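One structure below.
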Amino acid sequence: MKLFLILWLIGFNSGLSSLPVSGQVSQTEEAKIIQLPAPETEGGKPLMQCLKLRQSNRAFSQEKLSFQTLSSLLWAANGINRPDSGKRTAPSAVNWQNIDIYLASADGLFLYDAKQQALVQILKEDIRSLTGTQDFVKTAPLNLILVADYARIPRGSNEDKLFYSANHAGYISQNVYLFCASEGLSTVVRAMINKEVLAKAMKLRPEQHIMLAQSIGYPK
């Protein structure tokens with residue numbers, strides 16, 4: 001009951017569906033932290049079937065993703081699959097791990113913290129309409145924004161950093177596609193973004209560069 005009251009007060013229970021028992025919320029002066037349940041790393045469809053089913057879909061229902069599904073989705077995208085080394089489900093040159101996953105939903109903007117398997121709220125405003133130019137992004141339950149941090153690549157030109165970052169973002173996006181194929185979710189990766197406007201709304205640093213966005217939800 002106490003946890004429910006906390007969620008009601010912050011308005012999150014109206015956003016990403018019901019919170020599983022293992023989900024916990026803590027709030028500090030700096031940021032609201034939403035602890036996700038442990039990802040489900042067993043089961044799902046076989047890889048070859050996922051590849052057969054993989055496709056882009058731009059029609060989404062308004063049904064929200066549960067925290068359990070969201071946790072498994074983010075882990076599949078770029079979660080830690082080798083805790084001893086901190087390495088991820090997506091490849092990263094020199095283990096730079098310079099891609100951050102932001103989530104835009106009706107409840108605001110969040111940053112995925114893979115080390116804690118948690119979400120950090122960045123904004124309370126709904127900025128989904130800024131994550132792309134197509135009409136469906138405004139109402140898609142979830143829009144991921146893949147942001148490259150050039151500061152984490154210590155060598156090379158900006159052209160080199162763009163090359164590596166684009167590859168890293170592509171790997172993560174494909175992981176999302178395969179997870180969605182396994183779970184019966186619709187998704188589409190997008191590059192039609194006013195990146196300057198979105199970066200300003202997200203309060204990104206100059207070293208941070210938006211690479212891609214990806215809408216996710218249940219089929220309409």
Are any of the residues in segment 182-203 of a type in the set (Asp, Glu), touching a Ser or Thr at 6+ places or on another chain (Cβ under 8 Å) and surrounded by 14 or more Cβ atoms within 10 Å (Cβ to Cβ)?
yes
Let me spell it out: the conditions are (1) assigned to a helix (DSSP H, G or I); (2) out of contact with any helix residue (DSSP H, G or I) (no Cβ under 8 Å at 6 or more places or on another chain); (3) among the polar types (S, T, N, Q), and residue 133 meets all of them except one. Which number is the exception?
(1)
Failed condition for residue 116, given (1) surrounded by 17 or more Cβ atoms within 10 Å (Cβ to Cβ); (2) under 16 Å from the mean Cα position of the chain (by Cα)
(1)
Could you list, in sequence order, all residues of segment 156-208 that are under 15 Å from the mean Cα position of the chain (by Cα), of a type in the set (Lys, Arg) and assigned to a helix (DSSP H, G or I)?
none
How do the pairs read when you match residues in segment 114-134 that are under 13 Å from residue 192 (Cβ atoms) with residues anywhere that are in a strand (DSSP E or B) and of a type in the set (A, V, I, L, M), using Cβ under 7 Å and keeping only pairs 6 or more apart or on different chains?
131/104; 131/145; 131/213; 132/213
Subset of segment 64-95 that is surrounded by fewer than 20 Cβ atoms within 10 Å (Cβ to Cβ) and of a type in the set (Lys, Arg) - its residue that is nearest to residue 112 (Cα to Cα):
87
Going by what's in this entry, would residue 74 be described as modelled with pLDDT of 95 or more and either small (Gly, Ala, Ser) or under 22 Å from residue 205 (Cα atoms) (or both)?
no
Filtering segment 61-80 down to residues that are under 22 Å from residue 170 (Cβ atoms) and either in contact with a helix residue (DSSP H, G or I) (Cβ under 8 Å, 6 or more places away or on another chain) or of a type in the set (Ser, Thr, Tyr) (or both) yields 72, 73, 76, 77, 78
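The values are calculated or read from the model by the stated rules, or taken from the named source; none is laboratory data. Keep in mind that what you see is a predicted model, and the values were worked out from it rather than measured. Neighbour counts run over all protein chains shown; Cβ positions are idealised from the backbone, glycine included.
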